[in-house]
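The values are calculated or read from the model by the stated rules, or taken from the named source; none is laboratory data. As the structure is a computational prediction, the values presented were derived from the model and not from experiment. With ideal geometry, Cβ positions are generated from the backbone for all residues, glycine too; neighbour counts draw on all protein chains shown.
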Amino acid sequence: MKTQTASKQTASTTTADLKSLRLPATYGATLGVKKLLTNVHVGKPKKSQFFRTHTSDAMTFPAMLLEQKEARESYLVMPDISQQISELVRPVMLHAAIDRQNNTFLIPVPLPGESGTRNPWHESLAQAVERAKPTWIRVTANMHTGGYDVYEAEGPLPDPDWPAHDIDALVDVAFRGKIIIGLDHPVVQSLLGKV
């Protein structure tokens, strides 16, 4: 009998001790540590990833984008160069986004064509990005409808902790070494079949 009681006390003591060892979610702030902006992903969020988009229009960036889907890399292209390789690039609006772990990223949403319309995939992505401004969502591709299904978080999740960086800083980090300023860029040369 004594052994069972001692065992129960040890188990509850261990549980209580473990709880006291758990770090708070904001432990970095209490230690004077600040996360540096060293990596910004460019692309659509993963299907299991809840995200928000910034509510300010100042946190968007219109640009010409060259995407290499096989390599999963995106390049910004200077407007005058993009006119010379128009079949390789497309105009997008880059939207600042953040996930539940406070990782910032950029979602490229293709801009409407000359007719003022987008294809169903691009339109549903644009709508999802708007929906993500006030609430946490995740998106998954729906091949049958030709667009993205949007799922809202069911719980009362806290608002994101946006870093104190403007859109230019996010774009600068995201496209470090990935800005095409001339036709002699190795990626352009490869896509044109010159190398």
Where residues in the stretch 132-158 are in contact (Cβ under 8 Å) with a residue 60 or more places away in the chain and among the charged types (D, E, K, R), which of them is surrounded by the fewest Cβ atoms within 10 Å (Cβ to Cβ)? Lys133
Could you say which residue among Thr140, Thr135 is under 27 Å from Asn39 (Cα atoms) and assigned to a loop (DSSP other than H, G, I, E, B)? Thr135
Looking at (1) over 22 Å from Met64 (Cα atoms); (2) out of contact with any Lys or Arg (no Cβ under 9 Å at 6 or more places or on another chain), find the lone condition where Phe175 falls short. (1)
Verdict on Asp17 being modelled with pLDDT under 85 and of a type in the set (D, E, K, R): yes
Under the condition of being within 20 Å of Leu65 (Cβ to Cβ) and in a loop (DSSP other than H, G, I, E, B), which residue from the stretch 89-114 is nearest to the chain's Cα centre (by Cα)? Leu111
With the structure loaded, tell me whether Ala58 is outside any loop (DSSP other than H, G, I, E, B) and of a type in the set (A, V, I, L, M) or whether it fails that test. yes
Scan the stretch 99-119 for residues that are crowded, with 19+ Cβ neighbours inside 10 Å and touching a residue at least 24 places away in the same chain (Cβ under 8 Å) and jot them down. Thr104, Phe105, Leu106, Ile107, Pro108
Selection status of Ser82, assigned to a helix (DSSP H, G or I), hydroxyl-bearing (Ser, Thr, Tyr) and either modelled with pLDDT under 90 or over 20 Å from Lys44 (Cβ atoms) (or both): yes
So is His122 surrounded by 11 or more Cβ atoms within 10 Å (Cβ to Cβ) and in a helix (DSSP H, G or I) or not? yes
